[in-house]
1. Which one is farthest from the ligand (Cβ to nearest atom) among residues in the stretch 150-194 that are touching a Leu at 6+ places or on another chain (Cβ under 7 Å) and farther than 18 Å from Phe130 by Cα?
2. Suppose the filter is over 16 Å from the mean Cα position of the chain (by Cα), open to solvent by less than 40 Å² (accessible area, probe 1.4 Å), modelled with pLDDT of 95 or more and of a type outside the set (Gly, Ala, Ser); does Thr302 pass it?
3. Among the β-branched types (Val, Ile, Thr) and under 12 Å from the mean Cα position of the chain (by Cα): does that describe Ile262?
4. Give the number of residues within the stretch 199-226 that are more than 15 Å from the ligand (Cβ to nearest atom) and of a type in the set (Lys, Arg).
5. Please enumerate the residues belonging to the stretch 350-362 that are among the β-branched types (Val, Ile, Thr) and open to solvent by less than 10 Å² (accessible area, probe 1.4 Å).
6. Given the condition outside any loop (DSSP other than H, G, I, E, B) and polar (S, T, N, Q), answer yes or no: does some residue in the stretch 218-231 qualify?
7. Against the conditions (1) over 23 Å from Val55 (Cβ atoms); (2) open to solvent by 30 Å² or more (accessible area, probe 1.4 Å); (3) not basic (Lys, Arg), where does Gly266 fall short? Just the number, please.
8. Among the residues of the stretch 133-156, are any among the small types (Gly, Ala, Ser), more than 16 Å from Asn22 (Cα to Cα) and under 23 Å from the mean Cα position of the chain (by Cα)?
Amino acid sequence: MFKPFDLKLAALLGTLVRAMDNGLALTPQMGWNTWNHFGCNIDADVVLSAANALVDQNLTSFGYNYVLMDDCWHAASRDPDTGAPRADPVKFPNGIKGVVDQVHALGLKAGIYSDAGMYTCGGNFGSLGFEEIDAQTYAEWGIDYLKYDNCFNEGRSGTPKISFDRYANMSRALNATGRPILYSLCNWGEDGPWNFAPTIANSWRISGDIMDSFDRFDERCPCTQVIDCTYAGFHCAMTRIIDFAAPVLQKARKGAWNDLDIMEVGQGGMNNDEYITHFSFWAMLKSPLILGMDLTSMTNETVSIITNDAIIALNQDDAGSPANRIWKRTVADGGDLQLWQGSLVNNTFVIALLNTSPKNQTVDVDFYDAFFDQARPLLFLSLAIIDYLCLDTYESHSYRARYTSSKPGNWLDSEGANWDAPDEGVARGTCSVVYEKR
Ligand code: GLA
């Protein structure tokens with residue numbers, strides 16, 4: 001029979017062994033982060049301008065609600081008396097709490113950054129050995145989100161267990177504050193966080209840092225896949241991160257997501273179609289949707305990409321199920337063609353084609369191919385298109401494919417007729433189609 005003591009013990013064990021049980025990120029988190037555009041050049045004004053822009057541009061109504069301070073908010077040292085972290089007094093004259101209060105007053109949530117090592121990647125003090133006091137101080141500042149990095153980790157990586165223990169210390173410290181703080185683990189995929197992080201964090205980075213390029217290869221991101229990648233590096237092109245994600249996507253679940261990194265949409269290194277691809281894939285693969293451009297000077301094209309509510313709905317879909325890559329085929333012009341399919345709530349599916357080659361391609365999307373791993377009855381059904389999610393580029397860029405059917409199942413258009421899209425080739429980029437059972 002349980003005594004009160006046993007119940008307390010059970011509750012305590014529960015907090016130790018359950019998932020990152022903070023009730024947060026039931027759908028992937030959305031917001032903005034300082035790093036991609038501002039790097040270390042941040043201060044209270046940068047953060048508050050972005051927070052105001054989120055509100056003024058109405059981005060909050062699309063779900064973007066976290067304002068995240070990345071590296072370089074730090075003073076030169078911790079408080080010498082208490083050991084508590086403190087902010088650069090010039091950049092943040094009212095401290096982090098001053099900024100957080102203003103962010104909260106706008107109806108937004110605030111995030112901060114630290115590192116499970118001696119120093120942050122930018123060379124500021126890290127949190128290794130200071131987990132409790134740091135978590136407690138963040139909670140006192142009103143922080144709602146922690147991104148927790150991996151530089152200068154004193155060699156404390158190399159096996160999943162070593163990495164798990166190092167990151168679990170901060171997870172426990174955050175839980176112990178009693179304040180719900182979203183925990184965004186950032187160890188660049190080392191030791192396979194998709195295996196050990198879902199019980200201690202709300203999201204985990206899978207790769208080295210993103211680069212604002214569609215497909216440029218860079219030696220500094222040397223791995224061709226993330227399983228057993230021993231040096232994550234940085235300068236990883238956007239489509240390379242999609243490749244990295246493909247095998248580990250199904251490790252995600254509600255409250256625990258693969259983080260494909262802060263988005264580069266609107267930063268200038270890709271063209272509009274490429275940014276549409278970037279945003280669509282981050283959405284379909286259930287990555288956190290964290291913006292990284294200067295929110296105060298966005299073009300209309302950028303705004304229309306990040307406010308495409310149909311694409312955002314894919315990301316925030318209640319099933320929480322990332323799309324799967326059905327196939328990837330090299331094409332003679334260089335690059336490849338890929339077919340992706342994902343399950344959504346209410347028997348709907350998303351289909352996406354990705355063409356990373358420099359030229360338009362013609363591709364047959366066979367019904368059986370797209371649904372081969374679904375329950376057998378589905379293969380004999382016909383599915384109707386309910387939405388075509390290619391913004392205006394659908395018309396102007398001929399994002400089309402031949403939809404074929406080698407087995408009984410079939411593609412239907414919204415009127416129920418067999419769908420026979422004209423063969424105009426699939427342009428570089430992607431297109432998403434949502435289907436429903438008929
Ligand atoms: C690492 C992270 C980046 C960013 C920088 C800050 O490189 O992966 O996302 O936080 O550190 O120094």
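The values are calculated or read from the model by the stated rules, or taken from the named source; none is laboratory data. This structure is a prediction, so every number in the text was calculated from the model and none was measured. Note that each Cβ is placed from the backbone with ideal geometry, even for glycine, and that neighbours are counted across all protein chains shown. Surface accessibility is based on the protein's heavy atoms, side chains included, excluding ligands, DNA and RNA. Shrake-Rupley method; radii C 1.70, N 1.55, O 1.52, S 1.80 Å.
1. Among residues in the stretch 150-194 that are touching a Leu at 6+ places or on another chain (Cβ under 7 Å) and farther than 18 Å from Phe130 by Cα, the one farthest from the ligand (Cβ to nearest atom) is Pro180.
2. Yes: the conditions hold for Thr302.
3. The answer is yes for Ile262.
4. 1
5. Of everything in the stretch 350-362, those that are among the β-branched types (Val, Ile, Thr) and open to solvent by less than 10 Å² (accessible area, probe 1.4 Å) turn out to be Val350, Ile351.
6. no
7. With respect to (1) over 23 Å from Val55 (Cβ atoms); (2) open to solvent by 30 Å² or more (accessible area, probe 1.4 Å); (3) not basic (Lys, Arg), Gly266 is out only on (1).
8. For the stretch 133-156, residues among the small types (Gly, Ala, Ser), more than 16 Å from Asn22 (Cα to Cα) and under 23 Å from the mean Cα position of the chain (by Cα): absent.
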